[in-house]
Amino acid sequence: MDNLEKRKNSLKELISALHKGAPFEAVKAAFEREFGEVSAAEIAAAEQQLVAEGMDVSEIQSLCDVHAAVFRGSVREI
């Protein structure tokens, strides 16, 4: 598994944790420890993979603001 795939899987785990009710601050802290920064494309790829694995699109959309808050200040400019 290459580094990009590992990063995508880690992002998926963090997003899934949010959807399962994990405390926002705990997920944000884990994100900051693991990543520092990500690209918008990485976030989108992780979300697309979650949908492909069965997560409802509306569930992803309903927490988009929460995802943005976790990643705020950490998304690399394209």
Which three extents, in whole angstrom, do the alpha-carbon atoms of the chain cover along their principal axes, largest first? 28, 27, 22
Toward the positive end of the charge dipole of the chain, about the Cα centre and with charges on Cβ (Lys, Arg +1; Asp, Glu -1), which of ILE60, ALA44, PHE31 goes farthest? PHE31
Extending each Cα 7 Å along its Cβ direction at MET1 and GLU53, get the distance between those two points in nm, one decimal. 0.9 nm
Unit charges on C-beta of K, R, D, E only; dipole of the chain, Debye: 160 debye
Heavy-atom accessible area with a 1.4 angstrom probe orders ARG72, ARG33, ARG7, most exposed first, as ARG33, ARG72, ARG7
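The values are calculated or read from the model by the stated rules, or taken from the named source; none is laboratory data. The structure presented is a predicted model; accordingly, all values stated were derived computationally and were not measured. Quick reminder, even Gly has a Cβ in these numbers, built from the backbone with ideal geometry, and neighbours come from all protein chains shown. Please note that ligands, DNA and RNA were not included when accessible areas were found on the heavy atoms of the full protein model with its side chains. Shrake-Rupley method; radii C 1.70, N 1.55, O 1.52, S 1.80 Å.
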